Amino acid sequence: MGSNKTPEEQAREKRDEQLRAVGWDVVPRDKYAPGEYCCLFPLTIDTPSSITKAAIEEGRRIAKVPNVKGYNDMSELRAALET
């Protein structure tokens with residue numbers, strides 16, 4: 001049985017599914033554009049901010065230092081923090 005939805009409606013549903021799959025919520029914008037949706041937060045997949053870049057570089061640098069303690073999983077880290 002075929003779908004009664006227009007290609008635009010199908011595209012909107014697919015977009016909403018994809019946004020929800022990555023944790024984004026979508027809400028109706030009835031006042032502004034009936035039937036359209038808007039993300040609660042801006043969706044940007046750009047280059048990391050300068051703070052994020054610095055944190056990544058620091059992590060890479062620390063990972064190369066042999067005498068810095070590392071942990072294989074969160075339970076190991078939690079145990080170390082509790083002592």
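Just so it is clear, none of the values below were taken in a lab; they were calculated from the coordinates. Predicted, not measured: the structure shown is a model, and the values here were computed from it. Here the Cβ positions follow ideal geometry from the backbone for every residue, glycine too, while neighbour counts run over all protein chains shown.
If I model a spin label as a point 7 Å beyond the Cα along the Cα-Cβ vector, how far apart are those points for Ala21 and Glu82 in nm?
Label at Ala21, label at Glu82, 3.8 nm between them.
Rounded to the nearest 0.05, what FRET efficiency do Glu9 and Thr47 give with R0 = 25 Å and r taken as the Cβ-Cβ distance? Could you check?
0.15
Kindly rank 55-66, 5-16 from highest to lowest mean number of other beta carbons found within 10 Å of each residue.
On the way: 55-66: 9.2, 5-16: 11.5.
Put in order of decreasing packing, that is 5-16, 55-66.
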